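To start, the structure under review is shown below, and the notes come after it.
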Number of protein chains: 2
Amino acid sequence: MPAISLADVLAAADRIRPFVRPTPVHTSGTMDALAGRKLFFTCENFQTTGSFKYRGATNAVQKLDAATASRGVVTHSSGNHAQALALAAKVRGIPATVVMPRTAAAVKKQAVIGYGGRVVECEPTVADRLRVVNEIAATTGATLIPPYDHPDVIAGQGTAALELLADVPDLEAVVVPVGGGGMLSGYCVAMKGTDPAVTVFGAEPLNADDAARSLATGDRQPQVPPNSIADGLLTNLGDLTWPIIREHVAGVFTVTEAEIVAAMRLVWERMKLVIEPSAAVGVAVVLGEAFEGVTAGRVGVVLCGGNVSLDKLYW
Amino acid sequence: MPAISLADVLAAADRIRPFVRPTPVHTSGTMDALAGRKLFFTCENFQTTGSFKYRGATNAVQKLDAATASRGVVTHSSGNHAQALALAAKVRGIPATVVMPRTAAAVKKQAVIGYGGRVVECEPTVADRLRVVNEIAATTGATLIPPYDHPDVIAGQGTAALELLADVPDLEAVVVPVGGGGMLSGYCVAMKGTDPAVTVFGAEPLNADDAARSLATGDRQPQVPPNSIADGLLTNLGDLTWPIIREHVAGVFTVTEAEIVAAMRLVWERMKLVIEPSAAVGVAVVLGEAFEGVTAGRVGVVLCGGNVSLDKLYW
């Protein structure tokens, strides 16, 4: 029994509509020529808080009943989910606490605080992170909204797929970056429920390829210590996301760090879009050699976010 | 008698529609909060060839009769107009020659060649540039399409204003970067002809402030050797653009190099848009102290282009 159904995604779309931006689809003749097919880029970098994570966080926060919501929400994340949840809570007028390792970059803590969230530090271990999150939940009554392995989060991320389908007729395939699998599993449910003919592919750094290995073996594989510039894709598949991915994803393509960086530069330079490395992973896949074996002529590419440090260049 | 009328802009819009992208208007809560008013950013960085110049070049090229067109077009530019004209000619299936000083960066020559244009080098003086352009026009019969001081170019640039007016109800003012004044004069004619209540402002680097000085004195002032990162705004006002600007522009605001760079970073970081320094000039204006005296609550800001070297950062 999958964690969510198409009905959950449709309900999420209605629930978050007043709060979330519909994101545009961009196209590029240059990119089409390079890829040898027609590409449709979903610009989740333009989503509020700079990534698709705001969809899932908003759905989870808005779905809470008033009494539960009033006690606030808590999560553990040093990435885009942290900022997304902080703002989603602020919009609902409830407190958000984000547990971050004390080693996380100051800029990430500042981003959460900037959106009205509270940051609580923990030791950089899974055990201590859980201890602190549980302690906060117990003392405040806050609801845990994890970054991806939660039905309401998955359903919220899936709303992006509904927009892509509405915008692009005759879509044949879609390429979705995969970390914990929240976006990918949400896409699977939304796509397969709406138009089963669309093939769903995952996109992953070779240096963080647990999803590719999991799909290849049919058993969820642990992430070996990942080492990729695509810092949104370092997590392992979740208990809820993995079964959906296993059932629906036709394949996961992996790309090298050099391919990710080259794809990111290309999108900045030719499409004038600031995207983060995780978003460049899907672009690198559709430009890569392995993808040439895919026959689909009209392919969606999820540009999942644009939160990247501008203190340095990457090429 | 102004060089063009609203009818010319409307005709240009019809003429270029099959070739030119309608560009979206982006908004940002962060930017609105900083500016203390509602801002509407026109994304000409998403225009084909990466700048608004493709509008004017396409209008001029498409308007040529078949016999004249077949002899090709020629221009002098080392900037966005060069690329725009090269592609506009390619789309019509006619040759384009671009005269560039031999000192121009190789990447600019490559960009023209990449769009199918031919580059001819000249000495880096106005006299030699004119000599070479005239020689090419005389020997090939090519039509000169200058970067801004041409009725069809001005009319083409003005089509962007029609789109902004159609997208944003109750616009009160618009801020347009000014170099040679092609975009600004086109905006004036389109805006004033359609909705005279919209106030049109120019935006200029303090280090290339000929338009500000011209408007202040009522007489066209020469550009003192300009020195700005906003390399699209270094030229002097034209014979055709200046009278239109003098009649319609309510004021030209100037900004420092540091303000331009800070505005550019802000747009990259918060709006996820790659814009070039010239486009950041208008953003810097609406965020600057001098603009606080403007009462307009709904202000358009022209992001004129996104062609910027990604080999280095600017902050």
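The values are calculated or read from the model by the stated rules, or taken from the named source; none is laboratory data. This structure is a prediction, so every number in the text was calculated from the model and none was measured. All Cβ positions, glycine included, derive from the backbone under ideal geometry; neighbour counts span all protein chains shown.
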- Task: Please find, within segment B:197-227, the residue that is farthest from B:V285 (Cα to Cα) out of those that are in a loop (DSSP other than H, G, I, E, B), at pLDDT 95 or above and in contact with a strand residue (DSSP E or B) (Cβ under 8 Å, 6 or more places away or on another chain).
- Result: B:V198
- Message: Here's a check for you: in segment A:138-171, which residue that is hydroxyl-bearing (S, T, Y) and in a helix (DSSP H, G or I) is surrounded by the most Cβ atoms within 10 Å (Cβ to Cβ)?
- Response: A:T159
- Task: Kindly indicate whether any position in segment B:240-252 is of a type in the set (F, W, Y) and either within 14 Å of chain A (Cβ to nearest Cβ) or in a loop (DSSP other than H, G, I, E, B) (or both).
- Result: no
- Message: Consider segment A:207-238. How many of its residues are among the charged types (D, E, K, R) and either surrounded by fewer than 17 Cβ atoms within 10 Å (Cβ to Cβ) or in the same structural domain as A:V126 (by TED's automatic domain parsing) (or both)?
- Response: 1
- Task: Could you tell me whether any residue of segment B:167-187 is touching a helix residue (DSSP H, G or I) at 6+ places or on another chain (Cβ under 9 Å) and over 21 Å from B:S278 (Cβ atoms)?
- Result: yes
- Here are A:K53, A:K38: which of them is among the basic types (K, R) and either under 16 Å from the mean Cα position of the chain (by Cα) or assigned by TED's automatic domain parsing to the domain that holds A:T125 (or both)? A:K53
- Task: Name the single residue, out of those in segment B:1-12 being buried (at least 21 other Cβ atoms within 10 Å of the Cβ) and in a helix (DSSP H, G or I), that is nearest to the other protein chains (Cβ to nearest Cβ).
- Result: B:A12
- Message: Going through A:G79, A:G50 one at a time, which residue ends up being within 14 Å of another protein chain (Cβ to nearest Cβ), within 17 Å of A:G306 (Cα to Cα), out of contact with any Phe, Trp or Tyr (no Cβ under 8 Å at 6 or more places or on another chain) and buried (at least 19 other Cβ atoms within 10 Å of the Cβ)?
- Response: A:G50
- Task: Could you list all residues from segment A:172-196 that are surrounded by fewer than 22 Cβ atoms within 10 Å (Cβ to Cβ) and not in a helix (DSSP H, G or I)?
- Result: A:E172, A:D195, A:P196
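Determine, yes or no, whether A:E135 is assigned to a helix (DSSP H, G or I), without any contact (Cβ under 8 Å) to a residue 60 or more places away in the chain and surrounded by 14 or more Cβ atoms within 10 Å (Cβ to Cβ).
So A:E135 fits the description; yes.
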- Only helices (runs of 4 or more DSSP H) wholly contained in segment A:19-125 count here; list those with 1 or more residues that are free of Cβ contacts under 8 Å to residues at least 24 places away in the same chain. A:29-35, A:66-70, A:106-114
- Among the listed residues A:T140, A:T159, A:T194, which satisfies the condition of being out of contact with any strand residue (DSSP E or B) (no Cβ under 6 Å at 6 or more places or on another chain), touching a residue at least 24 places away in the same chain (Cβ under 8 Å) and outside the structural domain of A:C43 (by TED's automatic domain parsing)? A:T140
- Note on the structure: Of the residues in segment B:270-307, those that are within 14 Å of another protein chain (Cβ to nearest Cβ), outside any helix (DSSP H, G or I), in contact (Cβ under 8 Å) with a residue 40 or more places away in the chain and not acidic (D, E) number 8
- Query: In segment B:254-266, how many residues are surrounded by 24 or more Cβ atoms within 10 Å (Cβ to Cβ) and touching a residue at least 40 places away in the same chain (Cβ under 8 Å)?
  - Reply: 3
- Query: Residue check: is A:G305 in contact with a Ser or Thr (Cβ under 8 Å, 6 or more places away or on another chain) and of a type in the set (G, A, S)?
  - Reply: yes
- Task: Assess whether B:A250 counts as being surrounded by fewer than 16 Cβ atoms within 10 Å (Cβ to Cβ), among the aliphatic types (A, V, I, L, M) and either within 29 Å of B:M1 (Cα to Cα) or out of contact with any Leu (no Cβ under 6 Å at 6 or more places or on another chain) (or both).
- Result: yes
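Quick one: is B:T48 at pLDDT 95 or above and either touching a strand residue (DSSP E or B) at 6+ places or on another chain (Cβ under 8 Å) or more than 30 Å from A:N45 (Cβ to Cβ) (or both)?
No; evaluated as a whole, the condition is false for this residue.
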